[in-house]
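Student: Below is a structure I'd like to ask you about.
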Amino acid sequence: MHPALAVIFLTLFSGGGFGIMALTAIVNDLQIDGGLNPLQTMIAVILSLVFVSIGMLSSTAHLANPKNAWRAFTRWRTSWLAREGVFAVLYYPFAVLYLLWVFFTSGTHDVAGLILLNLAGVIGLITIFCQGMIYAVLRTIRQWNTALVPANFYVMGLAIGATVLAAERIIVGAPAGTLVGIALALLAASAVMKGIYYFWISRPGGPTIRTATGFNRSTVRILEQGHTFGTFLTEEFGHTLSAAKARSIKVIMYIFAFVIPIAALVIGIVTGQSAFAWIAVLSVVFGIGVERWLFFVEAQHVVNLYHGRQQC
Amino acid sequence: MRLGLVIDLDTCVGCHACAVACKEWNTSGTTAPLTDYDPYGAKPSGVWFNRIRHFEVGDYPYNKTINFPMSCMHCENAECVTVCPTGASYKRAEDGIVLVDQNKCMGCNYCSWACPYGARELDRVSGTMKKCTLCIDRIYDMEIPEEERQPACVLTCPAHARMFGDVDDPESPVSRAVRERGGYQLMPELDYNPTNHYLPPRVHAPIPIEELKKKAVRKVKEWVNRVVER
């Protein structure tokens, strides 16, 4: 698949933003590490809104005809993309109302505030599920057509959220022991989940050039693709990555997405240096961005069988 | 009613006339234009509803060239319609034709991801998804003679390798051809249940070339050929 930055940013930033909101809800519900004070809460909610907005705005850049984008909310009965849009928009009023509530009342965990906060958190989590299902329902792309996709989106969105909140606490100098622990657990879980995913998609399966052409008992080779230069199909679906290159990019991804954030958070909480907290946040966002890029490039659409690929 | 195409891989000669006729008709049809990018330059590309690929099936000396025209299969389980968030993609209840409402499409490409057959192509100029309409502006046009109320690709095919009709009607020519010739659907394992079917090449008895060589006429012919060549 063509790794369009607009779509990579959509799931990366909005997933992270919803993760921040869900973690803020958990931290303020249970008063973990004493809970976030009003200022920290407002910073977290604003960060969540900014992340989600970056994702939503960049997704409209992917549209070839954005003047019809408002229609994308209409087919929520059948389309996961429409559902994602509906829930993403529904998240805003609750997140903004909670922000205003905290701003005017300074109450981060009174009943009214917590209702707004938890609703925003839950809607965000539902949106992540919808985003995962956009890819997971496609039977045409074996690497996406698995329950591991929404599971990965969840755990990585929450890992980004926990890392951001833990970093925020380290930077402002508030106690962050439990939060860092949550972030480390989620980062480790993300690394394992992604490993399971890579193991899963490494097994060959799905349609072949034989079932694509119907000559099930013969060898089939492409003689001629039938076009002079590229087509929409080759541009959109033709991207591949050699196995060796994919492996080395995955090593880099694992270092930036999981190893550096875990190390930086541990050093940050021990030394209290805010620089390490910044490193953790930037590294996890960059690393999971690379993970999302790989997610697209490694996805092999079955239409490639008609352009000569033996198996996708 | 389930309108669709049946394509005979035995007789298709791979001339691309169906693709050209399709482009010619539809570039001024309901989803017009079918934009070309850099048509006379070094990297010609553009929107086509019908594309022909060429495959080699089997290994030498039992190999065969198969010309493989592909357009929208007007699937029964049209996932492209299911995933469309705007409602631009729809499948007509009365005849099963899958269409894109150009006024509603926002160009998100999602339907093209859901299509296993590469039937949908984004027009970069209009920003909308375009696809085979089964020449809906021909097949229902009461102004043209009845025998011409067929898709442009079917009318133009010089090898008569394309048939148009109702696959729901068991006695229609397309249904009979599918039944008698062992017509099949592409990638049935994906369960899209495409309406278009493909007829496999006929199995011919091998031509006995050793027998022919023994005939006296042929011996004379070969001798003449040799002499004339000198």
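What follows draws every value from the coordinates through simple rules; no lab data is involved. Only a predicted model underlies this, so the values are computations on that prediction, with no experimental measurement involved. Quick reminder, even Gly has a Cβ in these numbers, built from the backbone with ideal geometry, and neighbours come from all protein chains shown.
Student: How high is the relative contact order of chain B? Use alpha-carbon pairs under 8 Å, at least six apart in sequence, and give a whole percent.
Tutor: Over chain B, the number comes to 27 percent.
Student: Nearest 20 debye, what's the magnitude of the dipole of the protein assembly as shown about its Cα centre given +1 on Lys and Arg Cβ and -1 on Asp and Glu Cβ?
Tutor: Computed charge dipole of the protein assembly as shown: roughly 1620 debye.
Student: Which value, in debye to the nearest 20, gives the size of the charge dipole of chain A about its Cα centre, when Lys and Arg are +1 and Asp and Glu are -1 at the Cβ?
Tutor: The dipole of chain A has a size of about 1200 debye.
Student: Would you kindly derive the ³J(HN,Hα) couplings of the stretch A:234-251 from the backbone phi angles with the Karplus curve 6.51 cos²θ - 1.76 cosθ + 1.60 (θ = phi - 60°), listing them in order in whole Hz, with x for Gly and Pro?
Tutor: 6, 5, 7, 10, x, 5, 9, 9, 5, 4, 5, 5, 4, 4, 5, 5, 5, 4
Student: A further question on this structure: Please name which of A:Leu30, A:Met1, A:Leu49 has its Cα lying farthest along the dipole of the stretch A:1-135 towards the positive end, using unit charges on Cβ (Lys, Arg +1; Asp, Glu -1) and the Cα centre as origin.
Tutor: A:Met1
Student: In debye, nearest 20, what is the charge dipole magnitude of chain B about its Cα centre with +1 on Lys and Arg Cβ and -1 on Asp and Glu Cβ, if you could check?
Tutor: Numbers: 28 positive and 31 negative charges, 259 e Å.
Taking the Cα centre of chain B as origin, the dipole is about 1240 debye.
Student: Rounded to the nearest 500 deg cm²/dmol, what is the calculated helix-only ellipticity per residue at 222 nm for chain A, with -39500 (n - 2.57) per DSSP H run of length n ≥ 4?
Tutor: Working: 11 runs with 211 residues, N = 312.
The helix-only estimate for chain A comes to -23000 deg cm²/dmol at 222 nm.
Student: Hey, with R₀ at 30 Å, roughly what FRET efficiency would A:Val111 and A:Ala151 work out to, going by the Cβ-Cβ distance, to 0.05?
Tutor: That gives a FRET efficiency of 0.40.
Student: Still on this model: If you wrap a convex hull around the alpha carbons of the stretch B:1-77, what volume per residue comes out, as a whole number of Å³?
Tutor: About 161 Å³ per residue, rounded to a whole number.
Student: Please compare each pair in A:Lys194/A:Lys245; B:Lys43/B:Lys64; A:Lys67/B:Lys23; B:Lys104/B:Lys131; B:Lys64/B:Lys131 to a cut-off of 24 Å on the Cα-Cα distance and tell me which ones are over it.
Tutor: Details: A:Lys194/A:Lys245 18 Å; B:Lys43/B:Lys64 31 Å; A:Lys67/B:Lys23 27 Å; B:Lys104/B:Lys131 15 Å; B:Lys64/B:Lys131 30 Å.
From A:Lys194/A:Lys245; B:Lys43/B:Lys64; A:Lys67/B:Lys23; B:Lys104/B:Lys131; B:Lys64/B:Lys131, over 24 Å: B:Lys43/B:Lys64; A:Lys67/B:Lys23; B:Lys64/B:Lys131.
Student: Separate question: Roughly what percent of Cα-Cα pairs across chain A reach past 24 Å?
Tutor: Value for chain A (Cα pairs over 24 Å): 56 percent.
Student: Compute a Gaussian network model of chain A, connecting alpha carbons closer than 10 Å, and tell me which residue from A:Pro261, A:Pro93, A:Pro38 fluctuates the most.
Tutor: A:Pro93
Student: Also: Pick out, from B:Pro208, A:Thr74, A:Phe104, the residue whose Cα sits farthest towards the positive end of the charge dipole of the protein assembly as shown, with +1 on the Cβ of Lys and Arg and -1 on the Cβ of Asp and Glu.
Tutor: Of B:Pro208, A:Thr74, A:Phe104, it is B:Pro208.
Student: Moving on. For the protein assembly as shown, build the charge dipole from Cβ charges (+1 Lys, Arg; -1 Asp, Glu) around the Cα centre, then report which of A:Leu186, B:Ser175, A:Ala277 sits farthest towards its positive end.
Tutor: Of A:Leu186, B:Ser175, A:Ala277, it is B:Ser175.
Student: I've got another one for you. If you build a Gaussian network model of chain A, linking Cα atoms that sit under 10 Å apart, which residue out of A:Thr41, A:Thr127, A:Thr234 swings the most?
Tutor: Maximum fluctuation in the GNM of chain A, among the listed residues, is at A:Thr234.
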